[in-house]
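A short worksheet on the structure shown next.
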Amino acid sequence: MSDHIPSSHPRAESLRVRQRIIEGMERKVVTRAGLFAHGRGEAFDYLMGEKTLPSAIEAMEAAVAMMLLAKHPVISINGNAAALVARGIVELGEATGARLEVNLFYREPGREAAIARVLEDAGATGLLGLGDVPPATLTGLESNRRIIDPRGIEKADVVLVPLEDGDRTEALRRAGKTIIAIDLNPMSRTSQWAHVTVCDNLLRAVPRMVEIAEAFKKGRKKEELEAIVARYDNARVLSSTVKEIIAFLSRVAEKGVFLELPGPGR
Ligand code: ATP
Ligand code: MG
């Protein structure tokens, strides 16, 4: 379906990504709420010029260092993440030794299997969270939103949550987990509750984190990774992110135009 989008369209890439989310919904991978989440993400991406900010790189380095140092790192996967970056997530798991757990906000019949299929097609093995063992539960949350895998998130020390809901991020943190979030909105409750917030699009952040993990494994000693984690301060980094967004918007405000368009007054 994505071949209906002409490559000359100025927002072709964004439309292709949307198309992947829509196709994900048709395959039960993405929920309707996932469409709203994606739209909100797009809006925040616009506010940063759809580019990775320097503060996000700092957060990615701390996140990767934490994952490499962790005893039981786990990557929690939801529908949007599976639809957008399945292969990248599999590679990040391999590069950091993290296990992958399917952890859904909305559990509908067939959804877990649909997501598992997307991930397995991308090379995932040993997926957790698929209901083949009695689940553990996370306190402070209601109903099936609190289901976690006893082999995965329950025993994890570090959990990466690409696109998580604020309530669940809070519950995971209260359960004593170190949380790494990837979320385009620096003000979301997820971003605020996480220990490390990578404020960037999943599509850019995940491949970049794989590169960082490969480079760290080759070139950094354990003590160096520990030093990266020790000097990291999420409040300072989130504050830099907001300042970088303001600086970008100020440049737009200065010029009065965002796009180099032909037309009246331009
Ligand atoms: P919270 O519950 O954390 O306060 P929220 O209720 O505003 O946040 P949710 O729908 O719970 O939002 O979570 C979706 C989050 O995912 C949003 O903050 C959105 O900006 C972010 N998001 C959506 N798509 C992407 C993407 N591709 N990459 C990174 N972040 C994204
Ligand atoms: Mg929310």
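The values are calculated or read from the model by the stated rules, or taken from the named source; none is laboratory data. Quick caveat, the model's predicted, so the values are computed rather than measured. Cβ coordinates were reconstructed from backbone atoms using ideal geometry, including for glycine residues, and neighbour counts include every protein chain displayed.
Each row is one residue, and each column tells you yes or no for (1) within 29 Å of residue 248 (Cα to Cα); (2) at pLDDT 95 or above.
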residue: 4; (1), (2): no, no
residue: 7; (1), (2): yes, no
residue: 14; (1), (2): yes, no
residue: 42; (1), (2): yes, yes
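Of the residues making up segment 1-52, those that are under 30 Å from residue 109 (Cα atoms) and part of a loop (DSSP other than H, G, I, E, B) are 1, 27, 28, 29, 30, 31. Could you please find all residues in segment 72-107 being surrounded by 24 or more Cβ atoms within 10 Å (Cβ to Cβ) and of a type in the set (Phe, Trp, Tyr)? Answer for segment 72-107, where residues must be surrounded by 24 or more Cβ atoms within 10 Å (Cβ to Cβ) and of a type in the set (Phe, Trp, Tyr): there is none. Looking at 137, 96, just one residue is in contact with a strand residue (DSSP E or B) (Cβ under 9 Å, 6 or more places away or on another chain), free of Cβ contacts under 8 Å to residues at least 12 places away in the same chain and among the β-branched types (Val, Ile, Thr), and that residue is 137.
Rundown of residues vs (1) more than 30 Å from residue 117 (Cα to Cα); (2) within 16 Å of ligand 2 (Cβ to nearest atom); (3) in contact (Cβ under 8 Å) with a residue 24 or more places away in the chain; (4) surrounded by 15 or more Cβ atoms within 10 Å (Cβ to Cβ), yes/no style:
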site	(1), (2), (3), (4)
20	no, no, yes, yes
24	no, no, yes, yes
29	no, no, yes, yes
38	no, yes, yes, yes
43	no, yes, no, no
56	yes, no, yes, yes
59	yes, no, yes, yes
70	no, no, yes, yes
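Annotation: residue 184 fulfils all but one of (1) more than 9 Å from ligand 1 (Cβ to nearest atom); (2) among the hydrophobic types (A, V, I, L, M, F, W, C); (3) touching a Cys at 6+ places or on another chain (Cβ under 7 Å); the unmet one is (1).
Out of the residues in segment 40-75 meeting the condition of being touching an Asp or Glu at 6+ places or on another chain (Cβ under 6 Å) and within 13 Å of ligand 1 (Cβ to nearest atom), tell me which one is farthest from residue 100 (Cα to Cα). My answer is 53.
With respect to residue 128, determine if the residue is buried (at least 21 other Cβ atoms within 10 Å of the Cβ) and under 14 Å from the mean Cα position of the chain (by Cα). Reasoning before the result, please.
On the way: buried (at least 21 other Cβ atoms within 10 Å of the Cβ): yes; under 14 Å from the mean Cα position of the chain (by Cα): no.
Spelling it out, it is not the case that residue 128 is buried (at least 21 other Cβ atoms within 10 Å of the Cβ) and under 14 Å from the mean Cα position of the chain (by Cα).
Check whether at least one residue in segment 151-163 is within 25 Å of residue 88 (Cβ to Cβ), buried (at least 24 other Cβ atoms within 10 Å of the Cβ) and within 16 Å of ligand 2 (Cβ to nearest atom), and report yes or no. Taking every residue of segment 151-163 in turn, at least one turns out to be within 25 Å of residue 88 (Cβ to Cβ), buried (at least 24 other Cβ atoms within 10 Å of the Cβ) and within 16 Å of ligand 2 (Cβ to nearest atom). Residues in segment 53-81 that are modelled with pLDDT of 95 or more and outside any helix (DSSP H, G or I): 53, 70, 71, 72, 73, 74, 75, 76, 77.
For residue 190, indicate whether it is within 16 Å of ligand 1 (Cβ to nearest atom) and assigned to a strand (DSSP E or B). Full working, then the answer.
Numbers: within 16 Å of ligand 1 (Cβ to nearest atom): yes; assigned to a strand (DSSP E or B): no.
Criteria not met by residue 190.
Could you pull out the residue among 141, 119 that is within 29 Å of residue 186 (Cβ to Cβ) and within 16 Å of ligand 1 (Cβ to nearest atom)? Give the steps one after another, and end with the answer.
Numbers: 119 fails: within 16 Å of ligand 1 (Cβ to nearest atom).
Result: 141 is the single residue among 141, 119 that is within 29 Å of residue 186 (Cβ to Cβ) and within 16 Å of ligand 1 (Cβ to nearest atom).
Of all residues in segment 143-174, those that are part of a helix (DSSP H, G or I) and not acidic (Asp, Glu) total 13.
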